[in-house]
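Report on one structure; see the data block that follows.
The values are calculated or read from the model by the stated rules, or taken from the named source; none is laboratory data. Small disclaimer: the values here were computed from a predicted structure and weren't measured. Cβ placement follows ideal geometry from the backbone for every residue including glycine, while neighbour counts extend to all protein chains displayed.
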Amino acid sequence: MDTILQRKEEKRGINKIFLVGLLIGAVLIAGAIWLLSFQPTSDEQRAKMVEGFVFEGSPEFEQIFKDIVISTDFDRTTESPTGLGTIQMTVGGKIRNRGTRTFNGLEVNVAVIDRQNNALKEKKVIFIPNQQPNLEPQQIIPVTVTFDGFSKDQERANVRWKVTGLKIQ
């Protein structure tokens, strides 16, 4: 009867399986950080993407940017409320090459404007055709741009597209 009432004292220590798991997790996290340190920064990625582009203000740009026509596709333009009480706007558009040159990329400034023609939100986007590598003459490609953070009282009247850079093949 003495054995039933007596408590056995267990040795409390560090669980070896927990320690091994903790060590493996730390090594995996350190390895992921080390691998990510080799990724180029966003500025370096953008510089690589716009390599070979002709930008607004150059004489060559002024001659050829008129070949690009961008229109808003209102059937693909939507507004959605977010959980934060703001409005997200997804703008669909079509880029058409009506010239005779082939383009590999476009830099476009997209702005949502109000009725007084003031820009509510602006975004500079680089479009590089991904279904086919080039924007051939007389070809149209669909594009989509998303804007976040509109308040409910902001009047979103129109969308303005402006080509600011392009890359000719």
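List of remarks:
- Filter result (of a type in the set (Val, Ile, Thr) and over 12 Å from Arg160 (Cα atoms)) within segment 107-126: Val125, Ile126
- Residues in segment 134-145 that are under 19 Å from the mean Cα position of the chain (by Cα) and surrounded by 15 or more Cβ atoms within 10 Å (Cβ to Cβ): Ile141, Val143, Val145.
- Condition broken by Glu122, with the remaining ones in (1) out of contact with any Leu (no Cβ under 6 Å at 6 or more places or on another chain); (2) in contact (Cβ under 8 Å) with a residue 24 or more places away in the chain; (3) closer than 30 Å to Lys48 by Cβ satisfied: (2)
- Criterion violated by Ser151 - all others in (1) in contact (Cβ under 8 Å) with a residue 60 or more places away in the chain; (2) of a type in the set (S, T, N, Q); (3) in contact with a Leu (Cβ under 6 Å, 6 or more places away or on another chain) satisfied: (3)
- Odd one out for Ser71 among (1) modelled with pLDDT under 90; (2) within 22 Å of Gly165 (Cα to Cα): (1)
- Residue list for segment 100-133, filter: surrounded by 17 or more Cβ atoms within 10 Å (Cβ to Cβ) and under 29 Å from Gln63 (Cβ atoms): Phe103, Gly105, Leu106, Glu107, Val108, Val110, Ala111, Ile113, Phe127, Pro129
- Screening Ile68 on (1) in contact with a Lys or Arg (Cβ under 8 Å, 6 or more places away or on another chain); (2) free of Cβ contacts under 8 Å to residues at least 24 places away in the same chain; (3) surrounded by 11 or more Cβ atoms within 10 Å (Cβ to Cβ) shows it passes everything except condition (2).
- For segment 31-65, the set of residues classified as part of a helix (DSSP H, G or I) and either in contact (Cβ under 8 Å) with a residue 12 or more places away in the chain or polar (S, T, N, Q) (or both) consists of Ser42, Gln45, Arg46, Met49, Phe61, Gln63, Ile64, Phe65, listed by residue number.
- Total residues in segment 81-93 satisfying the condition of being without any contact (Cβ under 8 Å) to a residue 60 or more places away in the chain, within 14 Å of Gly149 (Cα to Cα) and under 18 Å from the mean Cα position of the chain (by Cα): the figure is 1.
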